[in-house]
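Q: My questions will all concern the structure given below.
The values are calculated or read from the model by the stated rules, or taken from the named source; none is laboratory data. On a predicted model such as this, the values are computed, not experimentally measured, just so you know. Note that each Cβ is placed from the backbone with ideal geometry, even for glycine, and that neighbours are counted across all protein chains shown. In case anyone asks, the SASA skips ligands and DNA or RNA and just uses the protein heavy atoms, side chains included. Shrake-Rupley method; radii C 1.70, N 1.55, O 1.52, S 1.80 Å.
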Amino acid sequence: MKDEPGSTNLFTKLDSVFIRKEPFGLVLIIAPWNYPVNLTLVPLVGALAAGNCVVLKPSEISQGTEKVLAEVLPQYLDQSCFAVVLGGPQETGQLLEHRFDYIFFTGSPRVGKIVMTAAAKHLTPVTLELGGKNPCYVDDNCDPQTVANRVAWFRYFNAGQTCVAPDYVLCSPEMQERLLPALQSTITRFYGDDPQSSPNLGRIINQKQFQRLRALLGCGHVAIGGQSDESDRYIAPTVLVDVQETEPVMQEEIFGPILPIVNVRSVDEAIEFINRREKPLALYAFSNSSQVVNQMLERTSSGSFAGNDGFLYVSLLSVPLGGVGHSGMGRYHGKFTFDTFSHHRTCLLAPSGLEKLKEIRYPPYTDWNQQLLRWGMGSNSCTLL
Amino acid sequence: MDPFEDTLRRLREAFHMGRTRSAEFRAAQLRGLGRFLHENKQLLHDALAQDLHKATQLDSAFIRKEPFGLVLIIAPWNYPLNLTLVPLVGALAAGNCVVLKPSEISKSMEKVLAEVLPRYLDESCFAVVLGGPQETGKLLEHRFDYIFFTGSPRVGKIVMTAAAKHLTPVTLELGGKNPCYVDDNCDPQTVANRVAWFRYFNAGQTCVAPDYVLCSPEMQERLLPALQSTITRFYGDDPQSSPNLGRIINQKQFQRLRALLGCGHVAIGGQSDESDRYIAPTVLVDVQETEPVMQEEIFGPILPIVNVRSVDEAIEFINRREKPLALYAFSNSSQVVKRVLTQTSSGGFCGNDGFMHMTLASLPFGGVGASGMGQYHGKFSFDTFSHHRACLLRRPGMEKLNALRYPPHSPRRLRVLLVAMEARGCSCTLL
């Protein structure tokens with residue numbers, strides 16, 4: 001909250017110059033269903049800390065959490081400055097016709113466009129935390145079991161319903177040969193011989209998502225898993241091979257416990273493949289060679305990047321989380337959230353007197369006058385042309 | 001029936017009353033949030049289990065600034081060199097390829113930028129495109145990775161709507177009516193000098209110029225002769241022959257401004273010359289809020305004075321209207337200046353002076369609300385045109401340490417994990 005001081009030039013030496021962080025006013029937070037507590041409360045903390053009044057629209061899909069947020073949370077906050085509104089796509093559309101001073105949206109790129117278009121009518125700034133297909137490059141030079149552990153953990157956590165989860169693997173056919181048994185071993189270790197009875201495996205949020213995912217099981221060939229149970233909205237931790245780029249599983253964000261493997265013959269081919277597609281929210285590269293990891297980092301773009309691990313960085317408050325291109329705009333977490341929900345107002349407080357010092361800038365101008373002005377403003381200035 | 005109207009109005013009112021401003025209030029809200037989480041663990045756990053069947057229960061991290069890719073800069077006509085080049089410098093420094101659309105209204109500068117500038121840059125990564133509103137509309141149908149626009153709020157909405165179709169992030173440097181509050185407690189001549197200089201510079205065609213004055217009738221009495229004295233001093237007895245006074249950019253703007261001369265009463269100036277696109281440094285009094293001169297951004301050498309009886313009334317007046325790009329307050333009392341600062345919002349603020357704050361490259365420049373979004377100048381330009389990518393590089397080995405986080409989970413394991421995460425000074429529970 002404290003004002004941040006700024007540096008001055010000769011003409012402003014006697015002035016007090018600083019950046020003041022102010023709340024925008026009325027903020028709308030639209031939250032998703034996959035991490036319904038975290039992805040609601042983390043932005044909310046930032047918005048409140050920055051001094052805004054907040055309208056929260058939790059997801060109607062995660063009904064259990066929606067109920068708690070609507071009925072219990074307001075009891076803990078000053079309700080003159082906080083409200084929860086409920087509804088589906090139609091009500092949210094109506095809500096978006098109103099004017100807000102900031103909109104924070106987490107969800108799909110398709111709906112992100114709708115939100116930004118609505119915001120444009122009121123010139124409302126936005127942060128859009130969207131999604132995409134997060135590539136996971138696995139180099140020949142690595143330990144398959146270690147990689148399998150890490151990739152599987154981040155893929156199957158929350159039954160794959162994570163915006164930053166590895167979406168698909170890119171590796172050579174040789175690597176695939178070594179990775180498959182390692183992945184099977186990992187899955188058995190994590191979830192047992194009957195994953196459906198493991199307490200550590202999540203379920204799909206609703207029937208619609210379940211049906212969508214079950215259809216994806218028909219792409220390529222099932223190498224591991226592939227079972228499903230409609231009554232339980234259960235999909236087994238699955239690995240698909242021989243997938244074509246044109247198949248649905250490689251066209252849409254998977255958002256489920258299904259991991260397709262696509263073959264490439266080299267790092268270069270992997271980079272080319274990635275760069276042909278939309279910029280993802282997260283990008284992963286596994287290799288014993290830091291050179292290979294760095295190459296991946298330097299020649300691609302993504303919201304965020306991790307070498308030799310999954311999305312552990314979301315728990316680090318020192319780095320911001322956000323997308324680029326279709327995966328989003330703006331970022332938050334920790335201090336970045338506070339900054340996101342604040343207007344950074346540049347302030348200059350000059351003394352009311354000392355007019356003689358200011359005279360130098362008034363017309364009529366002589367050559368000497370102008371020279372002195374330029375020198376005074378120095379290299380720290382923008383010419384007013 | 002709009003189900004949200006009442007709720008939204010209630011919250012807006014609370015915000016305007018300043019409820020959320022104090023640190024104490026915000027801390028109380030956050031403590032409430034903390035208690036909510038603490039006191040309802042089981043309830044939240046059950047809800048998450050119902051929704052998603054969720055179970056309960058180590059490097060080099062850095063931010064890498066990368067170019068977005070293809071950047072579009074749409075520049076205005078009022079400072080056609082500065083407002084083109086300053087963003088361009090940021091975009092190029094950040095490593096982007098740039099398409100520049102200079103204003104077709106400042107025709108001479110457009111010619112120089114189109115014909116001469118490209119010779120100094122690598123043309124495989126830089127291009128100038130020309131055209132009016134229709135061509136710009138077509139240009140905006142294309143996909144860019146960033147759009148930087150300087151211009152009016154009306155066109156800003158068009159740009160943002162076009163950008164939304166491609167999820168292209170934008171910075172919009174727009175405008176508004178910049179209020180200039182003049183307190184009774186001040187030296188009229190000093191204030192007149194400062195206000196006049198910033199108002200009439202570039203014949204008033206400056207997005208951050210003081211747009212109108214708010215002061216008491218008594219202050220107005222003292223300010224008018226001081227303003228006349230300043231204008232004579234700066235521009236002579238015949239301002240039209242002064243080399244230090246600009247001209248209006250084109251006929252359309254000239255006609256618009258000449259019409260504004262009919263609002264209220266002319267106290268100073270009021271002359272105009274169509275053949276020269278000249279408008280005299282003018283001060284208007286007795287203006288009504290409903291008149292055009294108080295409805296649109298003036299963008300010319302005309303300064304209306306609106307009377308208020310107190311600083312509170314001035315603040316109320318300002319807050320009833322759109323948030324401006326700049327806000328000015330003149331007073332010998334730093335308390336009064338601070339009050340205006342604290343109880344209003346604007347892109348930038350200056351106490352006892354004009355837009356000096358934007359000459360400092362160490363400070364960000366940008367609007368808020370209808371006056372814009374995003375900011376630039378100096379390092380802020382570089383940051384604006386960069387994607388800040390969070391990176392984590394871990395070592396491929398040391399798998400035993402990672403084993404802690406893998407299922408199957410035991411309560412003891414989970415406790416150890418939580419302690420480890422908290423020890424890092426941070427953690428967002430992945431729920």
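Q: Counting only residues 5 or more places away or on other chains, whose amide H sits under 5 Å from the amide H of A:ALA31 once H atoms are built in the peptide plane?
A: A:LYS57, A:SER59
Q: Here's another thing I want to ask about it. Determine the calculated [θ] at 222 nm for the protein assembly as shown from helices alone, applying -39500 (n - 2.57) to every DSSP H run no shorter than 4 residues and normalising by the residue count; nearest 500 deg cm²/dmol.
A: Values: 27 runs with 287 residues, N = 816.
For the protein assembly as shown, the value works out to -10500 deg cm²/dmol.
Q: For peptide A:310-319, compute the average count of partner chain beta-carbon atoms within 10 Å of each residue's beta-carbon.
A: Average per residue, whole number: 6.
Q: From the residues B:SER60, B:LEU33, B:LEU100, which one has its Cα farthest along the dipole of segment B:14-168 in the positive direction, the dipole being from +1 and -1 charges on Cβ of Lys/Arg and Asp/Glu about the Cα centre?
A: B:LEU33
Q: Of all accessible surface on the protein assembly as shown at a 1.4 Å probe, what whole percent is carbon and sulfur?
A: Ligands and nucleic acids excluded, carbon and sulfur reach 54 percent.
Q: In whole Hz, what ³J(HN,Hα) sequence does segment B:355-364 give by Karplus (6.51, -1.76, 1.60; θ = phi - 60°), x for Gly and Pro?
A: 7, 5, 4, 8, 8, 8, 6, 7, 10, x
Q: Please list, short to long, the whole-number percent of alpha-carbon pairs of chain A in consecutive 10 angstrom bins beginning at zero.
A: 5, 20, 25, 20, 14, 8, 5, 2, 0
Q: Another question, then. Report the rotationally averaged projected area of the protein assembly as shown based on its alpha-carbon convex hull, in square nanometres.
A: Over all viewing directions, the protein assembly as shown projects a mean Cα-hull area of 35.0 nm².
Q: Any idea how far the Cα center of segment A:219-257 sits from the one of segment B:152-230, in Å?
A: For segment A:219-257 versus segment B:152-230, the Cα centre distance is 60 Å.
Q: Okay, next question. Taking the Cβ of B:VAL128 as the centre, find all other residues whose Cβ is under 9 Å away and add up their charges (Lys, Arg: +1; Asp, Glu: -1).
A: Working: positive: B:LYS101; negative: B:GLU110, B:GLU115.
That works out to -1.
Q: For chain A, modelled as a GNM with alpha-carbon contacts under 10 angstrom, which of A:PRO195, A:PRO89, A:PRO351 fluctuates the most?
A: Result: A:PRO351 has the largest fluctuation of those listed.
Q: Just the number, please: buried accessible area between A and B, total of both chains, 1.4 angstrom probe, nearest 100 square angstrom.
A: Looking at A and B, the buried total is near 12300 Å².
Q: While we're on this one: In this model, which of A:LYS2/B:LYS323; A:LYS335/A:LYS358; A:LYS57/B:LYS177; B:LYS65/B:LYS177; A:LYS21/B:LYS111 are farther than 30 Å apart at the alpha-carbon?
A: A:LYS335/A:LYS358; A:LYS57/B:LYS177; B:LYS65/B:LYS177; A:LYS21/B:LYS111
Q: Residue by residue through segment B:214-219, what is 3J(HN,Hα) from phi via Karplus (6.51 cos²θ - 1.76 cosθ + 1.60, θ = phi - 60°)? Round to whole Hz and write x for glycine and proline.
A: 10, 7, 6, x, 5, 4
Q: Connecting C-alpha atoms closer than 10 Å in a GNM of chain A, tell me which of A:ASP194, A:ASP140, A:ASP242 has the biggest fluctuation.
A: Most flexible of the set in this elastic network: A:ASP194.
Q: Can you list residues whose amide H is under 5 Å from A:HIS343's amide H, if they're 5+ apart or on another chain and H is modeled 1.01 Å from N?
A: Correct list: A:GLU22, A:PHE24.
Q: With Cβ to Cβ distances under 11 Å as the rule, what net charge do the other residues near B:VAL368 carry (K, R +1; D, E -1)?
A: Working: positive: A:ARG345, B:LYS323; negative: A:GLU22, A:ASP101, B:GLU322.
Once all neighbours under 11 Å are counted, the net charge is -1.
Q: Suppose every Lys and Arg Cβ carries +1 and every Asp and Glu Cβ carries -1, with no other charges. What dipole size does the protein assembly as shown come out with about its Cα centre, to the nearest 20 debye?
A: 1060
Q: Please report how far the C-alpha centroid of segment B:1-49 lies from that of segment A:310-335, rounded to the nearest whole angstrom.
A: 24
Q: Could you give me the radius of gyration and the Dmax of segment A:135-315, taking only the C-alpha atoms into account and expressing both in angstrom?
A: Rg, Dmax (Cα atoms, Å): 15.2, 48.
Q: Can you give me the relative contact order of segment A:135-315 as a percent, contacts being Cα pairs under 8 Å and 6 or more apart?
A: 29
Q: Using only the heavy atoms of the protein chains and a 1.4 Å probe, how would B:GLU135, B:GLU399 rank by accessible area, largest first?
A: I get B:GLU135, B:GLU399, largest accessible area first.
Q: Another question about this same structure. I need the phi-derived Karplus couplings for segment B:18-24: 6.51 cos²θ - 1.76 cosθ + 1.60, θ = phi - 60°, integer Hz, Gly and Pro marked x.
A: Running phi through 6.51 cos²θ - 1.76 cosθ + 1.60 with θ = phi - 60° gives x, 4, 8, 6, 6, 4, 4 Hz.
Q: With all protein chains present, calculate the accessible area of A:LEU354 using a 1.4 Å probe and round the result to the nearest 10 Å².
A: A:LEU354 exposes around 100 Å² with every protein chain in place.
Q: A further question follows. Quote the accessible area belonging to B:HIS388 in square angstrom, nearest 10, computed with a 1.4 Å probe and with ligands, DNA and RNA left uncounted.
A: Accessible area of B:HIS388: about 30 Å².
Q: What's the average, rounded to a whole number, of partner chain beta-carbon atoms within 10 Å of each residue's beta-carbon in A:140-149?
A: Taking the mean over all residues of the peptide, I get 2.
Q: Related question: Between B:LYS379 and B:GLU313, how high is the FRET efficiency from 1/(1 + (r/R0)^6) when r is the Cβ-Cβ distance and R₀ = 51 Å? Nearest 0.05.
A: Here the calculated transfer efficiency is 0.85.
Q: Which order do A:LYS279, A:LYS67, B:LYS400 take by accessible area at a 1.4 Å probe, largest first? Could you put the intermediate results ahead of the total?
A: Values: A:LYS279 50, A:LYS67 115, B:LYS400 185 Å².
These residues rank, largest area first, as B:LYS400, A:LYS67, A:LYS279.
Q: Next question. Quick one: putting +1 on the C-beta of Lys and Arg, -1 on the C-beta of Asp and Glu, what dipole do you get for chain B around its Cα centre, in Debye to the nearest 20?
A: For this selection, approximately 2220 debye.
Q: Near A:PHE210, within a Cβ-to-Cβ distance under 10 Å, what is the net charge of the other residues, with Lys and Arg +1 and Asp and Glu -1?
A: Details: positive: A:ARG203, A:LYS208, A:ARG212, A:ARG214, A:ARG233; negative: A:ASP229, A:GLU230, A:ASP232.
Here the charged neighbours net out to +2.
Q: Same structure, new question: Can you give the accessible area per residue of the protein assembly as shown, in Å², using a 1.4 Å probe?
A: With the other protein chains kept in place, the protein assembly as shown gives 39 Å² per residue.
Q: Taking amide hydrogens as modeled 1.01 Å from N in the peptide plane, which residues meet the under 5 Å criterion relative to A:ALA165, leaving out close sequence neighbours?
A: Amide H neighbours of A:ALA165: none.
Q: Moving on to the next point. Relative to the Cα centre, what is the charge dipole magnitude of segment B:179-363, using +1 at the beta carbon of each Lys and Arg, -1 at the beta carbon of each Asp and Glu, and rounding to the nearest 20 debye?
A: My answer is approximately 460 debye.
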